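Chemist: What follows is a structure written as structure tokens; I'll ask about it next.
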Amino acid sequence: MKSMEELVNVYFRPGRLPHLWCPGCGNGVILGALLKAIDAEGLEKDNVAIISGIGCSSRASGYVDFNTANTLHGRALPISTGLKMARPDLNVITLSGDGDCSAIGGNHLIHAVRRNVGLTLVVFNNSIYGMTGGQYSPLTPIGSRATTAPYLTIEPSFDILALAQAAGATFTARATTYHVPVLVDVLRKGIRHDGFSIIEVVTGCPTNFGRQNKIGAPALMMEWQKDHAVPRAAWEKLDDEARRGKFPIGVLFERTDEKEYTKAYDEIIERAQAAKKEETA
Amino acid sequence: MGRVLLLQGNQAVVEGAIAAGVRFYGGYPITPSTEIAEGMAKRLPEVGGKFMQTEDELAGIGTVIGASMGGVKAMTATSGPGFSLKQEMIGLACSAEIPCVIVNVQRVGPATGQPTSPAQGDVMQARWGTHGDHWLIAVSPSSVPECFDLTRRAVALSETYRCPVILLMDEIVGHMRERIELPDSYEHLPVVKRKAPSVPPEEYMAYADTDGSKVPAMAAFGSGYRWHVSGLVHDETGFPKGTPAATKNSQDRLREKLAKNEEDIVKAERYRADDADVVVVAYGGAARTAYDAVDLARGAGIRAGLFRPITIWPFAERAIGELTQKAKCLLVHELNCGQYVREVERAVKGRVPVRLYAKYDNEPATPEQLLAEIRKAAEGIKEGRQ
């Protein structure tokens, strides 16, 4: 595998750095892991499209040398879907944040999952709206402080992978920015999956989540990830009591019994053209 | 050779889109535009294209923008409530210069309004619906054959000028059935292709005006030209740029790329207008009443004519201004409380009186109703009052 420096030289667009992420932000770790995964999978730059929504995470698309788009808040998935329909041969990777994906873009999420469009969705879950300065998202843990929750949040948060699974997901995975080898591994598997894959990455926002919630420095947020994430194999052996407050990482669900959407659509084209032929014959 | 058919305007839009090379449609069903979605669902896969019924209106235009980025001509259709929902994405298509066609078959609004009744209340929304300064094209057909022609033209304009084009219809034209003659095959019809880069990938700048046309060449995603689409203000590289100059330059070019091609873009029809004292200004379904009303007025000894903007936006400012050289009064007839009339007044600058016949009660005017308004206008001229 290439070193990070080599990856930067190969995949970063010259002149686009420095990035806008704060010191201690996990987004760079995720982008680095994504490049490792793309490189390890041997994908050609021309055949990769990175489509993002709006937010800190979504700025990632602009830094890297692929076919890229930084679109609108919540709308990365429909735009990715349209692109995939036009160009099923492309590896379309969608980058989104917890707010982008589960709040304003929540409707698109469940339907992209349901259709099993061949997209790889990477959800940068930093538990907060970072770009706008620390408002709570649907993935902010209940009881957290946010600039729009000065008296703590009272809303239960989504488990976005359980949500996706209920919507009919064919691939779900989770990793953290502490568990980079796991992250690279699930990204590679998600890219390879022939259908819709959703990968939740738990990442830290020291500036706008950590500070408000007195979690503290970036390293402490990483330590929190280390202490709370449990590899799936170990997770299976835990009872409910031991699981409390923790979460599993790795590939959590995968099935291959459903056709990828653009491939299923090819059958529509076949049926329509056969019917047309019959009509004109 | 051709086929003579009895089609709805909405069905003619479908055929026009297929003939223009549209190969992707994403949309959400809504009255009175649904026949377009239904027609595209049947016709697109026949020609190897793809149709998607999306989860909502936003995803409809979102998939269209994505498909267009992939180099496929793409279209969506909707009506008032859905048109409101699509506005943010129309802004993205303006800013990132992604060709796409958005059909709005207008119905009575606001809100749910009257879903199956005609209106033209979205004419200003078509121009200013999305936030921020922006420039786009809107065209409005008045007949079923024109639905076919203008859909093709909308696609061509969108591809040529890299901007969203609104095909602004109304329930009258969308649901009206008329005779239309279509070619057996669309293969010989000219199809406009967007301008491809003339430089190798390493020299390609996605938003550079390389030929003075102000319209940058557009590479499809996956064509070997890797570039960045952004709804942030960007410079000619396509990457975000926050300087005052970048913002101004970007706005200037987006405006000028349409302004300098106005002659190609802005079209209108003149019916018995050359010597007319009273010129009716009407577009889309409302114009259908005007032909008969003008004939009736002529029969009654009133020199009446019709000026029908086919391109609604950009506004036919010069042509409307020129009407005042002959006409003694302009009578704007529209199916709303009076929207386009203000644009007409701006162009006329008080040189002649501008009257309004606004109809906003679910029903189009009859020729007799419009004739009565033409008579009032003619009497006003005679008495030298407005």
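Table: residues versus (1) facing chain B (nearest Cβ under 8 Å); (2) touching a Cys at 6+ places or on another chain (Cβ under 9 Å); (3) surrounded by 24 or more Cβ atoms within 10 Å (Cβ to Cβ); (4) closer than 16 Å to B:I98 by Cα.
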{"site": "A:I51", "(1), (2), (3), (4)": "yes, no, yes, yes"}
{"site": "A:R59", "(1), (2), (3), (4)": "no, no, no, no"}
{"site": "A:A69", "(1), (2), (3), (4)": "yes, no, yes, yes"}
{"site": "A:S80", "(1), (2), (3), (4)": "yes, no, yes, yes"}
{"site": "A:A86", "(1), (2), (3), (4)": "yes, no, yes, yes"}
{"site": "A:V92", "(1), (2), (3), (4)": "no, no, yes, no"}
{"site": "A:G105", "(1), (2), (3), (4)": "no, no, yes, no"}
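Chemist: Take the residues in segment B:77-95 that are outside any helix (DSSP H, G or I) and not hydroxyl-bearing (S, T, Y); name whichever of them is nearest to the other protein chains (Cβ to nearest Cβ).
Modeler: Kept after step one, since they are outside any helix (DSSP H, G or I), are these residues of segment B:77-95: B:77-79, B:86.
Now narrow it down to the ones that are not hydroxyl-bearing (S, T, Y): B:77, B:86.
Numbers: B:A77: 15, B:K86: 11 Å.
Restricting to residues being outside any helix (DSSP H, G or I) and not hydroxyl-bearing (S, T, Y), the top hit is B:K86.
Chemist: Does B:A273 satisfy the condition of being more than 17 Å from B:P141 (Cβ to Cβ), open to solvent by less than 60 Å² (accessible area, probe 1.4 Å) and not in a helix (DSSP H, G or I)? Walk me through how you get there before you give the answer.
Modeler: Values: more than 17 Å from B:P141 (Cβ to Cβ): yes; open to solvent by less than 60 Å² (accessible area, probe 1.4 Å): yes; not in a helix (DSSP H, G or I): yes.
For B:A273, the condition - more than 17 Å from B:P141 (Cβ to Cβ), open to solvent by less than 60 Å² (accessible area, probe 1.4 Å) and not in a helix (DSSP H, G or I) - is met.
Chemist: Output the residues belonging to segment B:58-76 that are open to solvent by 10 Å² or more (accessible area, probe 1.4 Å) and either part of a helix (DSSP H, G or I) or of a type in the set (K, R) (or both). Even if it seems obvious, please write down each step before you answer.
Modeler: Residues of segment B:58-76 that are open to solvent by 10 Å² or more (accessible area, probe 1.4 Å), as a first pass: B:58, B:71-73.
Those that are open to solvent by 10 Å² or more (accessible area, probe 1.4 Å) and either part of a helix (DSSP H, G or I) or of a type in the set (K, R) (or both): B:L58, B:K73.
Chemist: Among the listed residues B:E55, B:E38, identify the single one that is open to solvent by 10 Å² or more (accessible area, probe 1.4 Å), part of a loop (DSSP other than H, G, I, E, B), among the acidic types (D, E) and free of Cβ contacts under 8 Å to residues at least 40 places away in the same chain.
Modeler: Numbers: B:E38 fails: part of a loop (DSSP other than H, G, I, E, B).
The conditions single out B:E55.
Chemist: Also, quick follow-up: B:I98: within 12 Å of another protein chain (Cβ to nearest Cβ) and not in a helix (DSSP H, G or I), yes or no? Show your work before the answer.
Modeler: Working: within 12 Å of another protein chain (Cβ to nearest Cβ): yes; not in a helix (DSSP H, G or I): yes.
The answer is yes for B:I98.
Chemist: Hand me the list of strands (runs of 3 or more DSSP E) wholly inside segment B:150-231 holding 1 or more residues that are away from every other protein chain (no Cβ under 14 Å). Even if it seems obvious, please write down each step before you answer.
Modeler: On the way: elements: B:164-170, B:177-183, B:228-230.
Correct list: B:164-170, B:177-183.
Chemist: Give, as residue ranges, the helices (runs of 4 or more DSSP H) completely inside segment B:281-386 that count at least 3 residues that are outside the structural domain of B:V144 (by TED's automatic domain parsing) and of a type in the set (G, A, S).
Modeler: Values: elements: B:284-299, B:317-323, B:340-348, B:367-382.
Helices (runs of 4 or more DSSP H) meeting the threshold: B:284-299, B:367-382.
Chemist: With respect to the numbered conditions (1) among the charged types (D, E, K, R); (2) part of a strand (DSSP E or B); (3) within 14 Å of chain B (Cβ to nearest Cβ), which one is the sole condition not fulfilled by A:K263?
Modeler: Unmet for A:K263, out of (1) among the charged types (D, E, K, R); (2) part of a strand (DSSP E or B); (3) within 14 Å of chain B (Cβ to nearest Cβ): (2).
Chemist: Show me the helices (runs of 4 or more DSSP H) found entirely inside segment A:1-108 where at least 2 residues are more than 27 Å from A:R211 (Cβ to Cβ) and of a type in the set (S, T, N, Q). Explain how you work it out, then say what you get.
Modeler: Details: elements: A:4-11, A:27-40, A:60-63, A:76-86.
Result: A:76-86.
Chemist: Among the residues of segment B:337-347, which ones are surrounded by 21 or more Cβ atoms within 10 Å (Cβ to Cβ) and touching a strand residue (DSSP E or B) at 6+ places or on another chain (Cβ under 8 Å)?
Modeler: B:Y340, B:V341, B:V344
The values are calculated or read from the model by the stated rules, or taken from the named source; none is laboratory data. The structure presented is a predicted model; accordingly, all values stated were derived computationally and were not measured. Positions of Cβ are generated from backbone atoms using ideal geometry, with glycine treated the same way; all protein chains shown enter the neighbour counts. When the accessible area is computed, the model is the full protein with side chains, heavy atoms only, and any ligands, DNA or RNA have been set aside. Shrake-Rupley method; radii C 1.70, N 1.55, O 1.52, S 1.80 Å.
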